[in-house]
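Comments concern the structure below.
What follows draws every value from the coordinates through simple rules; no lab data is involved. What you see is a predicted model, and the numbers here were worked out from it, not measured in a lab. All Cβ positions, even for glycine, are placed from backbone atoms using ideal geometry, and neighbour counts span all protein chains on display.
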Amino acid sequence: MSIIPSYIKLYNSGELHDRIKKLEAILTDCRLCPRNCRKNRLKGEFGICKAGAELMVSSVFSHFGEESPLVGYGGSGTIFLTHCNLRCIFCQNYDISHSGEGKEVTADEFSGYMIYLQKLGCHNINFVTPTHYAPQIIASLPKAVEMGLELPLVWNCGGYESAEVIKLLDGIVDIYMPDFKYGSSAPAKKYSKAPDYPDIVKKVLKEMHRQVGVLKMDNRGIAYKGLLIRHLIMPDGLAGTKEAVEFIAKKLSPDSYVNIMDQYRPCYKAFDYHEIARRITPEEYEEAIRLAREVGLHRGF
């Protein structure tokens, strides 16, 4: 089954270059995420995410630990971007997101990474935590297309996105893979300093769903388009699983693919907060699955 990624059509029409110009203009008054720091990153200013004008990459590899529709038999071509706009205090990748582990790369080098992953036999190009580098990532696409890139693009993000930016990605991104981290404001404020997270993520998920719909797979079970939502269960129900699954089932689709994740473990500064300084229990996981099934969700978990 041969599927032509949508960004190739935009490249051929010239629309991709117009989108790049619009995204790059945002860097002069950065509002790539809801933090709206309004910094001029092209002049060396830094906002909350700590990202500058140049792409910073932590690692590039074929990932076999992602969801099965992304992994298939060739792996997901993963590019970990350095820094993060959300900066959760329990982040498992805090060395990358908070400490800035990684190196600056040029657009041509980034294009080369995508081609390298394609040659490895990966099924997609998976941008991990890409929000704060959206202009630079998309600007690297034309060169990659000219070099023969033809894999679906995965936008693997925290869910705290700018609606303006997500709309500019329409027809470029094939698979959106956002987190739905919090169903209520209090924990979002306490652990990520983002009290507006629940409202933001709901608007963003609606836009992503409008663009790509539910997750679609080919006859091998490998995803080529759609929305895949991650929800990490936290101790004591702090992630708001009930609110999250009800929204997904009722406002998006009961056919939504939702990965209800049980791998929370206290990292970084989580031990400073007694309520999240432990792993979840089997009973907490079973309760989350029950809530998802109760509202009609049936794919992913």
With criteria (1) crowded, with 23+ Cβ neighbours inside 10 Å; (2) not in a helix (DSSP H, G or I), Ile166 comes up short on (2)
Helices (runs of 4 or more DSSP H) enclosed by segment 14-125 - at least 3 residues per element that are closer than 30 Å to Ala223 by Cβ, free of Cβ contacts under 8 Å to residues at least 60 places away in the same chain and more than 19 Å from the chain's Cα centre (by Cα)
107-119
Just one of (1) closer than 23 Å to Ile276 by Cα; (2) among the small types (Gly, Ala, Ser); (3) surrounded by fewer than 16 Cβ atoms within 10 Å (Cβ to Cβ) trips up Gly44, so point out which.
(1)
Any residue in segment 230-257 that is small (Gly, Ala, Ser) sitting within a Cβ distance under 7 Å of a residue that is in a strand (DSSP E or B)? List the pairs, counting only those 6 or more apart or interchain.
Ala239/His231; Ala239/Leu232; Ala244/His231; Ser253/Val214; Ser256/Val214; Ser256/Leu227; Ser256/Ile229; Ser256/Arg299
Taking segment 243-277 and keeping only residues that are in contact with a helix residue (DSSP H, G or I) (Cβ under 7 Å, 6 or more places away or on another chain) and part of a strand (DSSP E or B), one is left with Val258, Ile260
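One line per residue, one yes/no per condition, for (1) farther than 27 Å from Phe64 by Cα; (2) surrounded by fewer than 17 Cβ atoms within 10 Å (Cβ to Cβ); (3) among the basic types (Lys, Arg):
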position: Gly237; (1), (2), (3): yes, no, no
position: Ala249; (1), (2), (3): yes, no, no
position: Arg265; (1), (2), (3): no, yes, yes
position: Phe301; (1), (2), (3): no, no, no
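Residue by residue, here is whether (1) surrounded by 21 or more Cβ atoms within 10 Å (Cβ to Cβ); (2) closer than 29 Å to Tyr191 by Cβ holds:
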position: Leu70; (1), (2): yes, yes
position: Cys84; (1), (2): yes, yes
position: Ile89; (1), (2): no, yes
position: Gly100; (1), (2): no, yes
position: Met114; (1), (2): yes, no
position: Leu120; (1), (2): no, no
position: Gln136; (1), (2): yes, yes
position: Ala139; (1), (2): yes, no
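Can you tell me which residues in segment 244-301 are among the basic types (Lys, Arg) and within 21 Å of the chain's Cα centre (by Cα)?
Lys251, Arg265, Arg299
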Consider only pairs whose beta carbons are under 6 Å apart and that are at least six residues apart or on different chains; among these, list those whose first residue lies in segment 216-229 and is in contact (Cβ under 8 Å) with a residue 12 or more places away in the chain and whose second residue is surrounded by fewer than 21 Cβ atoms within 10 Å (Cβ to Cβ) and in a loop (DSSP other than H, G, I, E, B).
Asp218/Met1; Asn219/Met1; Ile222/Gly72; Tyr224/Ile3; Tyr224/Asp218; Gly226/Gly213
Within the group Ser13, Ser62, which residue is of a type outside the set (Asp, Glu) and loosely packed, with under 14 Cβ neighbours inside 10 Å?
Ser13
